[in-house]
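The values are calculated or read from the model by the stated rules, or taken from the named source; none is laboratory data. The model shown is predicted, which means the values in this text are computed figures rather than measured ones. In this analysis, Cβ positions are derived from the backbone assuming ideal geometry, glycine residues included, and neighbour counts consider all displayed protein chains. When the accessible area is computed, the model is the full protein with side chains, heavy atoms only, and any ligands, DNA or RNA have been set aside. Shrake-Rupley method; radii C 1.70, N 1.55, O 1.52, S 1.80 Å.
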Amino acid sequence: MPQNPTERRVVVTGPPRRTRRISGYYRPRTEIDEQTTLGHTYVRSLMRTQLRAALAVFAFLALLIGPLPLLFAAMPESRRIEWAVLGFGLYAPMVLLARWFVRRAERNERDFVRLVEDR
């Protein structure tokens with residue numbers, strides 16, 4: 001047995017084989033899964049952006065379709081014009097509006113996933 005215990009020490013240099021998990025590591029996906037207050041805030045922000053897009057679509061539709069009964073009442077009795085406006089005049093804007101809404105909703109969800117996954 002050596003007389004001095006410090007002579008037996010061996011210094012090992014190099015990266016550690018195992019890394020300990022940092023306890024304060026921030027994971028939004030975990031926050032959402034565990035339904036914490038922060039996770040609830042993330043989901044609520046997504047729901048707000050989706051609601052904002054839906055309300056924008058609803059407001060545009062109300063402004064587009066709402067005055068039509070007044071317009072039809074002011075016009076002389078002509079069913080062909082009414083059906084032309086309803087059938088052809090509204091179809092294209094409604095399809096474009098629906099397309100815009102779907103693209104906006106998908107973009108909101110994609111941004112949310114990017115926010116949750118990146119950190």
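A few comments on the model shown:
- Candidates Pro69, Gln50, His40 compared by Cα position along the dipole of the chain: farthest toward the positive end lies His40, with charges placed on Cβ.
- Cβ-Cβ FRET estimate between Phe88 and Gln35, R0 fixed at 41 Å, reported to 0.05: 0.25
- Solvent-accessible area per residue in the chain equals 91 Å², computed with a 1.4 angstrom probe and all protein chains kept.
- Rolling a 1.4 Å probe over the protein heavy atoms of the chain, with every protein chain left in place, gives an accessible area that is 60 percent carbon and sulfur.
- Label sites at Ala59 and Leu115, each approximated as a point 7 angstrom past Cα along Cα to Cβ, lie 2.0 nm apart.
- Principal-axis analysis of the Cα atoms of the chain puts helix 91-118 at an angle of about 10° to the longest axis.
- Crossing angle, helix 37-65 versus the chain [Cα axis fit, 0-90 degrees, rounded to tens]: 20 degrees
- Virtual spin-label span in nm between Val102 and Gln50, 7 Å along Cα→Cβ: 1.7 nm
- The dipole here belongs to the chain: it is taken about the Cα centre, uses +1 on the Cβ of Lys and Arg and -1 on the Cβ of Asp and Glu, and is about 700 debye.
- Once C-alpha pairs closer than 8 Å and six or more residues apart are averaged by separation and normalised to the residue number of the chain, the relative contact order reads 35 percent.
- Taking every DSSP helix (H) stretch of at least 4 residues in the chain, weighting each as -39,500 (n - 2.57) and dividing the sum by the residue count yields a mean residue ellipticity at 222 nm of -21000 deg cm²/dmol.
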